[in-house]
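Presented below is the structure to which this report refers.
Laboratory data are not the source of any read-out in this text; all were calculated from the coordinates shown. The structure presented is a predicted model; accordingly, all values stated were derived computationally and were not measured. Neighbour counts run over all protein chains shown; Cβ positions are idealised from the backbone, glycine included.
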Amino acid sequence: MSEREFARRLVAGQAKHVLVTARGGVGKSTFARSLESTLCGSLPTFRVDLAQDVAPRVFDEGQRVNLIVARIESKMALQPVHMQTFRRLLRASPYLVLLDSLDEVALTHRKAVVAQINDLGKRLGPQGQVVILGRPAVDGNNYGLTDLDAHLHLPPLSCGRVQSTLRWTAASTDAERRTKHFIRTYRLDRQAKKGERCYFPFMAAYRDLQVVQREAEKFNPAGGLNALTASLSEVHESIIAERLLKELRQMSWKGAQVLEIIDRIVRSGGRDDGSWNLEFTLARCDKAVEPLVSKAIERQYICEKILQSALFEPIAGVEEWRFEHREVADLFLARWVDREIQRTGGKCDVVSHHAKWIGGRNVAGYLIGQAHGRGCLLELSAALCQADGGFEKAKVDLLYTGLPLGAARSKAVAEAQNKAKSLKADSCVRKTLSAL
């Protein structure tokens with residue numbers, strides 16, 4: 001449903017009590033402001049921020065008054081004699097209350113705030129409507145909200161929206177050109193689909209686009225590929241880290257720390273035979289985080305924010321989540337293999353041991369850009385050669401785009417070629433290395 005169609009239904013009174021959800025960075029608050037603007041002149045609209053306007057007072061005053069109603073009335077700043085008229089109009093006229101930032105309400109306060117929302121439904125009058133905005137709930141019951149008659153989920157940014165946003169937010173024509181080159185170089189333009197909707201897995205939210213534009217400022221296409229030093233892994237990790245840092249801003253963590261949290265969750269379900277349990281639960285997240293965070297309420301906050309981020313999506317019918325896209329899963333599997341290489345003192349036997357599933361996924365393209373994985377180019381080439389099809393240009397491209405560029409790339413390829421010669425590697429491996 002488009003924003004325009006949603007607004008039309010609100011004006012027509014077809015939606016009385018609606019929950020609107022979206023992953024972090026997709027633009028829920030922007031949606032609320034836009035909806036407020038669209039409805040201006042056709043439906044009186046009152047916007048209340050639950051985290052700022054209601055939560056701080058909910059324990060002191062929430063037992064005596066409905067703080068949402070009180071906030072609406074305070075915004076009107078009417079004299080007492082006119083306030084009575086205003087209240088009569090609300091009971092007799094159509095209007096909309098937009099309640100933003102439910103997910104930003106602290107866990108300790110959320111139940112009380114939800115009680116205020118549920119109480120509001122009894123006070124609205126026959127023509128009042130409520131739209132509540134937040135990230136998708138992880139408790140399986142829509143935060144405990146009652147009497148909902150609709151649930152609208154805002155999807156990731158479409159391919160068209162990403163392209164237009166990058167165009168109109170570019171600082172200059174040169175900056176736009178540099179960003180486009182950066183996106184192509186680091187495979188950020190690979191498309192995926194949800195139903196019929198096209199989207200970019202690593203540019204699925206406005207926050208992602210800000211990271212891409214920031215990183216692209218350091219990128220100099222005129223210097224050629226030899227001027228680049230970042231690997232595919234590093235660029236994609238920076239986007240994911242930014243997603244998580246925004247969600248977990250209360251923890252004051254660094255990018256490496258939030259990525260390690262996901263690593264710990266992935267490791268908790270690994271299988272030595274090559275199969276992986278990449279379906280996550282709140283309990284599994286809590287157990288993985290417990291060695292780092294002792295307080296249960298903090299772990300609950302961390303796990304909720306992680307699973308609400310654009311990194312994950314819910315699995316229908318169960319209280320489980322999975323990575324939003326297979327490439328995101330491949331990146332974290334590559335990080336797991338890299339840590340295993342480090343744990344064994346740099347031995348690339350780890351790659352050979354897991355060759356079956358490494359060769360059949362995009363793991364190799366990420367692993368070759370990791371700190372320890374880049375020393376295993378020969379073994380990664382062999383893993384790809386063992387996969388169905390033998391030598392293929394697509395497999396070469398996977399390694400080519402995954403390798404760090406410039407001097408680091410030349411060094412990795414030369415070392416792998418020397419190792420291949422001494423070990424008498426098969427023709428597919430030699431051909432793959434030569435193509436690099």
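A few notes on this one:
- Rounded to the nearest 500, the 222 nm mean residue ellipticity of the chain from helices alone is -16000 deg cm²/dmol, with -39,500 (n - 2.57) taken per DSSP H run of at least 4 residues.
- Gain upon complete extension [V65, A92; 0.36 nm per residue less C-alpha separation]: 7.6 nm
- Taking the DSSP bridge list for the chain and keeping only pairs wholly inside it, about 30 percent are antiparallel.
- Taking GluC sites (Glu not before Pro) across the stretch 362-436, the ones in a DSSP loop with at most 15 further Cβ atoms lying within 10 angstrom of their Cβ are E392.
- Each of A175 and A407 was given a label point 7 Å from its Cα along the Cα-to-Cβ line. The distance between the two points is 3.2 nm.
- One Cα centroid belongs to the stretch 394-412, the other to the stretch 166-181; the line between them spans 26 Å.
- Legend: translational diffusion of the stretch 9-99 by Stokes-Einstein, Rh = Kirkwood radius over C-alpha pairs, 10 °C, 1.306 mPa s; D = 107 µm²/s.
- Its Cα centre serving as origin, the stretch 156-228 has a Cβ charge dipole (Lys and Arg +1, Asp and Glu -1) of approximately 200 debye.
- Between the amide H of F312 and those of E324, distances stay under 5 Å, these residues lying 5 or more places away or on another chain, with hydrogens modeled in the peptide plane.
- Relative contact order %, the stretch 3-154, counting alpha carbon pairs below 8 Å whose residues are six or more apart: 42
- Between S93, I132, S252, the Cα set farthest toward the positive side of the dipole of the chain (charges on each charged residue's Cβ, about the Cα centre) is that of S93.
- Answer label for Rg and Dmax of the Cα atoms in Å (calculated), chosen among (1) 24.6, 74; (2) 25.8, 94; (3) 20.7, 63: (2)
- Remark: relative contact order (the stretch 265-415) = 17 percent; criterion is Cα-Cα distance under 8 angstrom and separation of 6 or more residues.
- Rounded to the nearest 10 degrees, the inclination of helix 107-123 to the longest alpha-carbon principal axis of the chain is 40 degrees.
- Angle between the chain longest axis and helix 255-267 axis [Cα atoms, degrees, rounded to 10]: 80
- Database note for the chain: Cys without another Cys beta carbon under 4.7 angstrom, C40.
- Amide H within-cut-off set for K194, under 5 Å, with H built and near neighbours excluded: Y199
- Sites M76 and W276, calculated FRET efficiency, Cβ-Cβ separation with R0 60 Å, nearest 0.05: 0.60
- Only Lys, Arg (+1) and Asp, Glu (-1) charged, at Cβ; the chain dipole about Cα centre in debye: 660
- Between the stretch 347-369 and the stretch 88-146, the Cα center-to-center distance that results, in Å: 49
- DSSP-assigned coil residues among trypsin sites (Lys or Arg not before Pro) in the stretch 1-49, each with at most 15 further Cβ atoms within 10 Å: none
- Calculated FRET efficiency, Q191 to L423, Cβ-Cβ distance, R0 = 51 Å: about 0.85 to the nearest 0.05.
- Helix 377-386 axis, angle to the chain major axis (alpha carbon atoms, nearest 10°): 80
- A compact globular protein would have a Cα radius of gyration near 2.2 N^0.38 Å; the ratio found for the stretch 156-228 is 1.10.
- Pair A435, R326: separation of 7 Å Cα→Cβ label points (nm): 1.9
- Proximity of backbone amide H atoms, modeled 1.01 Å from N, is registered between V130 and H17, V18, V97 at under 5 Å, excluding neighbours fewer than 5 places apart on the same chain.
- Overall form of the stretch 372-436 per C-alpha gyration tensor (a/c, 1.5; a/b vs b/c): oblate
- In Hz, Karplus ³J(HN,Hα) per residue of the stretch 235-250 (6.51, -1.76, 1.60; θ = phi - 60°; x = Gly, Pro): 5, 5, 5, 5, 5, 5, 4, 5, 4, 6, 4, 5, 5, 9, 4, 5
- Leading residue at positive end of dipole, the stretch 156-228 (Cβ point charges), from A171, G195, T185: G195
- Treating each Cα of the stretch 3-154 as an identical point scatterer and summing with the Debye formula, the log10 of I(q)/I(0) at q = 0.16, 0.20 Å⁻¹ comes to -0.87, -1.39.
- Loop-located GluC sites (Glu not before Pro) in the stretch 230-293 whose Cβ has at most 16 other Cβ within 10 Å (DSSP): E279
- Positive-end residue, the chain charge dipole about Cα centroid, Cβ charges, pick of G269, I297, L377: L377
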